[in-house]
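**Q** Below is a structure I'd like to ask you about.
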Amino acid sequence: MRNKTLNGVFCLKAVLTASALLVIVPAANAQTEATTQADSAGVFDVSPKDALHQIFKAYDEWSRASFPESAMRRGDYRFADRITDQSIVAIERRYNERIGFLDQLNDIDRNALDEQDQISFDFFELILRQDIDGHRFRTFLAPISGRSGPHQSIPQMADGVRFRSVEDYENYLRRMEQSAQSVSAYIQRMKLGCEEGRVPPRVAVESVPTQIASLLAPGGLDSLGIPFQTFPDHIPARARDRFRNQYRNVALPSIRNALNSFGEYVTNEYVPACRETVAANDWPDGEAYYNHQLRVMTTTRLSAQDIHDIGISEVARIRAEMMEVIARSDFLELFPAYAEVSADEQFAAFRTYLRTDPRFYYDNPEDLLANYRRICKEVDPWMIKLFKSLPRLPYGVAEIPSFMAPSQTTAYYQPGNLENGEPGYFYANTYALDQRPKYEMIALTLHEAVPGHHHQISLAAEIEDLPPFRRQTYLTAYGEGWALYAERLGIEMGLYSDPYDDFGRLTYEMWRATRLVVDTGMHALGWSRDDAIKFMLDNTALSELNITNEVDRYIAWPGQACGYKIGELRIRALRERAEKMLGADFDLREFHDVVLTSGAIPLPVLQKRVDAWLLRQVAPQQYD
């Protein structure tokens with residue numbers, strides 16, 4: 001999923017994640033009003049069910065007012081004249097208001113709720129407790145990386161935003177003009193982080209000065225002016241001139257000055273102050289912090305060593321399957337000498353062949369994007385065969401913006417919104433085409449578009465009988481676990497008939513397995529960055545550029561990479577359990593409905609949901 005920025009983006013841009021709630025902070029006053037709604041409504045004079053849903057409603061209003069950008073992506077423009085307050089004062093206020101919501105929740109008798117409301121109760125409590133418990137680690141004092149921060153969010157302020165009325169343009173200009181204050185708040189947080197010794201690894205921020213410089217170069221911020229190039233017909237010429245003048249003479253200079261100051265601070269003071277070490281354990285109270293991150297990202301109680309061991313086991317299993325695929329390819333016909341060498345030597349030679357032979361790479365970006373679109377069209381007809389429920393929201397394929405492409409991963413997904421008339425987008429990286437192999441494209445498409453992120457996220461957003469927070473919250477283990485499971489559905493679609501494409505699928509599965517090893521290795525078990533890069537080079541066919549970017553991402557975002565494989569393994573195990581119990585009565589479309597139509601949920605809750613479905617399919621005495 002998309003990991004374009006940690007500030008309001010989905011792996012992922014338009015999705016509000018549980019971990020991101022620690023970083024993005026509300027506008028003043030609006031959220032205070034929202035937090036009092038549940039009390040003022042007298043929620044505890046009504047039934048537990050009504051009280052619970054009034055709290056959910058108050059929380060939703062609070063979230064929308066606190067995070068205006070997220071509200072706009074959901075089609076709510078009531079707060080479009082402001083941006084999220086990034087100040088430390090706002091962060092602390094948010095923290096205390098979350099405690100208030102948790103106190104209200106705990107006054108409700110959970111046992112008096114029905115099954116679906118108990119799931120919502122538990123999920124809501126989990127989100128609040130994770131954010132409250134994580135606050136003590138003060139990660140908001142290290143708010144930037146090569147993938148997150150104002151240098152990422154500001155150039156994308158016009159993305160996915162409505163421009164239909166005079167008010168829309170006026171609010172957009174107001175948001176732009178508030179960006180300077182937001183940048184200043186980031187700097188204040190970073191300075192306090194330096195004082196407290198809460199700074200990120202240097203490798204996680206080394207690319208930021210270059211990114212900022214590219215934005216300040218001629219044309220670097222042109223994306224901000226796109227809305228002023230064309231207007232709806234009903235907007236008067238005088239208003240158009242006023243908007244353009246205000247953009248050129250006030251808003252854009254303000255942003256340029258803010259980014260210039262930000263760049264000077266990051267380059268001259270912040271990067272030199274960042275630490276040379278890479279481990280989360282080197283953060284203050286680092287062991288507890290990393291354990292917290294693993295719980296948040298996997299929704300399990302697995303330890304770092306547990307996850308590391310699972311990764312080692314999965315690497316060995318996938319490696320054996322890879323050797324079978326090599327034997328099915330034409331590699332040994334082209335290079336018969338490698339049939340006589342050891343398995344390790346043969347695997348290494350095959351990796352080198354994949355990384356260096358021109359047959360596996362495109363020469364221009366247009367061809368790469370065209371093939372992604374072709375694959376999408378090939379997958380689309382399969383969706384009705386595999387799923388009972390399909391989202392209404394369409395999706396497209398687009399190119400990752402050039403200013404961020406060098407430090408971005410191969411692709412990401414950006415959710416859309418029906419109310420905004422904005423489709424979802426699968427963004428593909430066209431930088432360094434010799435690092436973007438063809439054999440990875442099917443698995444990547446299935447992961448980012450359908451039946452992966454676009455299908456799951458859009459479907460969740462359209463489930464009307466769920467509380468808003470359940471439609472919007474993104475859990476890494478569930479969402480990324482589903483997307484990795486979706487890659488494997490390509491087998492049932494017959495998409496991996498070419499051995500090289502099948503090896504690409506296994507490469508992606510191996511990639512996620514090695515993540516378990518290197519993330520825990522670096523953050524808890526004493527591995528260096530070079531150790532992690534070498535392990536992935538030795539065990540995957542990913543290019544060195546992709547591996548380096550990936551490892552730096554794991555350094556900047558501890559634990560997140562572990563959610564993918566843990567989630568996928570759990571979903572696969574649940575399917576295998578259902579197939580074994582139901583035999584010929586197993587309905588894959590029905591199983592997928594059970595997994596997807598409750599929105600993103602923690603893995604233990606998902607297991608209970610599948611088990612309850614199985615109980616309804618078989619006699620109780622047949623259920624073990």
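**Q** Pulled fully out, how much extra length does the chain show between residue 309 and residue 118, if you take 0.36 nm times their separation in residues and subtract their Cα-Cα distance?
**A** Details: separation 191, 0.36 × 191 = 68.76 nm, distance 3.36 nm.
Taking 0.36 nm per residue and subtracting the Cα distance, the gain is 65.4 nm.
**Q** Using each residue's phi in the range 253-264, evaluate 6.51 cos²θ - 1.76 cosθ + 1.60 at θ = phi - 60° and report the 3J(HN,Hα) Karplus result to the nearest Hz, with x for Gly and Pro.
**A** After applying 6.51 cos²θ - 1.76 cosθ + 1.60, I find x, 5, 5, 4, 5, 5, 5, 5, 5, 4, x, 5 Hz.
**Q** Any idea what the dipole of the chain comes to, in debye rounded to 20, about its Cα centre with Lys/Arg Cβ at +1 and Asp/Glu Cβ at -1? It would help to have the intermediate numbers written out before the result.
**A** On the way: 68 positive and 87 negative charges, 244 e Å.
So the magnitude is around 1180 debye.
**Q** Another question, then. So if R0 is 30 Å, what FRET efficiency would residue 99 and residue 46 give, r being the distance between their Cβ atoms, rounded to the nearest 0.05? Can you show the working numbers first?
**A** On the way: r = 23 Å, r/R0 = 0.76.
It comes out at approximately 0.85.
**Q** In this model, which of 580/608; 388/580; 191/534; 565/608 are farther than 23 Å apart at the alpha-carbon? Display every interim value, and only then the final one.
**A** Working: 580/608 17 Å; 388/580 21 Å; 191/534 34 Å; 565/608 20 Å.
From 580/608; 388/580; 191/534; 565/608, over 23 Å: 191/534.
**Q** Taking all protein chains as present, what is the carbon and sulfur share of the accessible area of the chain, in % to the nearest whole number, probe 1.4 Å? Walk me through the intermediate numbers first.
**A** Details: 11580 of 23720 Å².
About 49 percent, which is the carbon plus sulfur part of the accessible surface.
**Q** Any lysines with Cα under 17 Å of the residue 385 Cα? List them, leaving off those in the same chain fewer than 8 positions away.
**A** 377
**Q** Which whole-Hz couplings ³J(HN,Hα) result when phi for each residue of the range 360-372 is put into the Karplus expression 6.51 cos²θ - 1.76 cosθ + 1.60, θ = phi - 60°, listed in order with x for Gly and Pro?
**A** Calculated HN-Hα couplings, in order: 9, 9, 8, 9, 9, x, 4, 5, 4, 5, 4, 6, 4 Hz.
**Q** Tell me the trypsin sites (Lys or Arg not before Pro) within the range 358-424 that lie in a loop according to DSSP and have at most 12 other beta-carbon atoms within 10 Å.
**A** On the way: sites: 359, 373, 374, 377, 385, 388, 392; in loops: 388, 392.
Of the trypsin sites (Lys or Arg not before Pro), the ones in loops of the range 358-424 whose Cβ has at most 12 other Cβ atoms within 10 Å are 392.
**Q** Before I look further, what does the range 478-624 give for accessible area per residue, probe 1.4 Å, in whole square angstrom?
**A** Details: 4660 Å² over 147 residues.
Heavy-atom SASA per residue in the range 478-624 reads 32 Å².
**Q** Can you give the FRET efficiency for residue 188 and residue 276, using 1/(1 + (r/R0)^6), R0 = 25 Å, r = Cβ-Cβ distance, to the nearest 0.05?
**A** Efficiency, from the Cβ-Cβ distance: 0.50.
**Q** Positive end of the dipole of the chain, charges at C-beta (+1 Lys, Arg; -1 Asp, Glu), about the Cα centre: which of 594, 266, 354 has its Cα farthest in that direction?
**A** Comparing the listed Cα positions along the dipole, 266 ranks first.
**Q** Hey, what does the equivalent ellipsoid look like for the range 83-168, semi-axes from the Cα gyration tensor as sqrt of 5 times each eigenvalue, largest first, whole Å? Let's see the in-between values first.
**A** Details: eigenvalues 208, 83, 33 Å².
They are 32, 20, 13 Å, listed from largest to smallest.
**Q** Give me a comma-separated list of calculated 3J(HN,Hα) values for the range 155-172, in order, Karplus coefficients 6.51, -1.76, 1.60 applied at θ = phi - 60°, integers in Hz, x for any Gly or Pro.
**A** Values per residue, Gly and Pro as x: x, 10, 5, 8, 5, x, 9, 7, 10, 10, 10, 4, 4, 4, 5, 4, 5, 4 Hz.
**Q** Follow-up. In deg cm²/dmol and to the nearest 500, what is the mean residue ellipticity at 222 nm of the chain if only DSSP H runs of at least 4 residues count, each as -39500 (n - 2.57), divided by the residue total? Display every interim value, and only then the final one.
**A** Details: 27 runs with 351 residues, N = 624.
It lands at -18000 deg cm²/dmol.
**Q** Using only the Cα atoms of the range 251-292, what are the Rg and Dmax in Å?
**A** 16.0, 44
**Q** I would also like to ask the following. Between residue 237 and residue 133, how many nm apart are label points set 7 Å from Cα along the C-beta direction?
**A** 6.3 nm
**Q** Tell me the Kirkwood hydrodynamic radius of the range 517-584 in angstroms, computed as one over the mean inverse distance between distinct C-alpha pairs.
**A** On the way: mean 1/r = 0.0734 Å⁻¹.
Roughly 13.6 Å, rounded to one decimal.
**Q** A follow-up question, please. Can you tell me how much longer the chain between residue 530 and residue 269 gets when fully stretched, taken as 0.36 nm per residue apart minus their C-alpha distance, in nm with one decimal?
**A** Details: separation 261, 0.36 × 261 = 93.96 nm, distance 2.59 nm.
In short, 91.4 nm is gained.
**Q** Right, another one. Extension gain residue 324-residue 618, at 0.36 nm per residue separation less the Cα-Cα distance, in nm?
**A** Values: separation 294, 0.36 × 294 = 105.84 nm, distance 3.79 nm.
Contour length minus the Cα-Cα distance gives 102.1 nm.
**Q** If you keep only loop residues by DSSP, which chymotrypsin sites (Phe, Trp or Tyr not before Pro) in the range 247-280 have at most 13 other Cβ atoms within 10 Å of their Cβ? Spell out each step's value before the answer.
**A** Working: sites: 247, 262, 265, 270; in loops: none.
Nothing satisfies the criteria.
**Q** Sticking with this one: Calculate the FRET efficiency for residue 229 and residue 545 from the Cβ-Cβ distance with a Förster distance of 25 Å, rounded to the nearest 0.05.
**A** Working: r = 34 Å, r/R0 = 1.36.
The calculated FRET efficiency here is 0.15.
**Q** Taking the Cα centre of each part, how many Å lie between the range 109-150 and the range 47-103?
**A** When both Cα centres are located, 13 Å separates them.
**Q** DSSP loop GluC sites (Glu not before Pro) in the range 271-326 with at most 15 other Cβ atoms within 10 Å of their Cβ, which ones? Walk me through the numbers before you get to the answer.
**A** Working: sites: 276, 287, 314, 321, 324; in loops: 276.
Taking the range 271-326 and a limit of 15 other Cβ atoms within 10 Å, the loop GluC sites (Glu not before Pro) found are 276.
**Q** Using the eigenvalues of the Cα gyration tensor, what equivalent ellipsoid semi-axes result for the chain when each is taken as the square root of five times the eigenvalue, whole Å, largest first?
**A** Working: eigenvalues 270, 199, 125 Å².
Equivalent ellipsoid semi-axes, largest first: 37, 32, 25 Å.
**Q** With a 1.4 Å probe and every protein chain left in place, work out the accessible area per residue of the range 142-242 in Å², rounded to a whole number.
**A** Averaged over the residues of the range 142-242, the accessible area is 41 Å².
**Q** How many angstrom separate the Cα center of the range 330-374 from the Cα center of the range 547-584?
**A** That distance is 26 Å.
**Q** I'd like the distance between the alpha-carbon centres of the range 441-477 and the range 187-205, rounded to an integer number of Å.
**A** Value for the Cα centre distance between the two parts: 33 Å.
The values are calculated or read from the model by the stated rules, or taken from the named source; none is laboratory data. Quantities reported herein were computed from a predicted structural model and do not represent experimental measurements. Virtual Cβ from ideal backbone geometry, glycine too; neighbours counted across all protein chains shown. Only protein heavy atoms, including side chains, enter the accessible area calculation; ligands, DNA and RNA are left aside. Shrake-Rupley method; radii C 1.70, N 1.55, O 1.52, S 1.80 Å.
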